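*Asks:* Mind looking over this structure? Questions follow.
The values are calculated or read from the model by the stated rules, or taken from the named source; none is laboratory data. These figures come from a predicted structure and were not determined experimentally. Positions of Cβ are backbone-derived with ideal geometry, glycine not excepted, and every protein chain shown enters the neighbour counts.
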Amino acid sequence: MSPESNGKKTHAQAGDAGQNKPTVVADKSTKTADKSVKAAVESVKKAAAADVNAPKAVSKAVPKATPKTTPQAVPTGKMVAIVLVRGLINIRHDIKKTIDSLSLRRNNVCVVRKETAELKGMLAKAKDYITWGDIDSETYKLLLEKKGKKSSSADDKANGKGVKQYFNMNPPRKGYGRKGIKNSFNKGGALGYRGNKINDLIRRML
């Protein structure tokens with residue numbers, strides 16, 4: 001074989017090799033593109049899964065809101081329930097003024113007050129017209145439920161009560177006492193301090 005034919009073959013083979021190179025590069029590019037598409041699809045799937053799970057994660061992380069509660073109507077501390085037993089005709093002016101200060105304007109009205117030294121003095125002064133005692137929380141709740149009315153008083157709202165602290169009651173079933181309304185409670189009548197027995201009286205007046 002002549003050197004010229006060898007030279008021609010060599011150039012031809014080089015030409016064929018040159019034509020095949022782009023094909024190899026194209027195959028690599030296609031594989032790279034496929035990998036990129038697959039990676040993009042995987043990232044989209046992960047993002048979608050994250051969006052689906054996000055509300056669950058948030059619901060677990062954020063605590064449930066605590067339902068609002070209404071303010072306790074029953075105040076703390078020792079409370080005294082006071083009931084006007086007798087009428088106010090021909091009453092001394094200073095006693096009448098004290099009873100008015102207690103918001104006792106007619107018979108069978110009950111008021112609830114926090115016990116203070118000032119209140120004790122007022123009760124002692126009006127003892128011949130009223131009866132009073134230590135009201136318990138259950139009786140007070142029942143009193144609010146049966147006879148309570150909404151209050152616009154700034155004091156009541158500030159104390160978290162929201163209801164008027166005087167109650168229009170019915171005459172008590174079985175009366176105030178065996179010896180009537182002009183005798184003290186410790187003598188079988190209706191007047192004066194009666195301790196925890198005030199709860200029974202209030203329940204009989206509802």
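*Asks:* Please find, among LEU123, LEU119, LEU144, the residue that is assigned by TED's automatic domain parsing to the domain that holds VAL83, in a helix (DSSP H, G or I) and modelled with pLDDT under 95.
*Replies:* After ruling out the rest, the residue left standing is LEU144.
*Asks:* Six or more apart or on different chains, Cβ under 6 Å: which pairs go from a residue in segment 162-182 that's surrounded by fewer than 16 Cβ atoms within 10 Å (Cβ to Cβ) to one that's basic (Lys, Arg)? Could you list them?
*Replies:* Short answer, once both residue conditions are applied: ARG173/ARG204.
*Asks:* State whether the residues of segment 118-129 include one that is surrounded by fewer than 16 Cβ atoms within 10 Å (Cβ to Cβ) and within 22 Å of LYS147 (Cα to Cα).
*Replies:* no
*Asks:* Okay, moving on. Looking only at segment 101-116, which residues are of a type in the set (Ser, Thr, Tyr) and either under 20 Å from ASN170 (Cα atoms) or not assigned by TED's automatic domain parsing to the domain that holds TYR193 (or both)?
*Replies:* SER103, the sole residue that qualifies.
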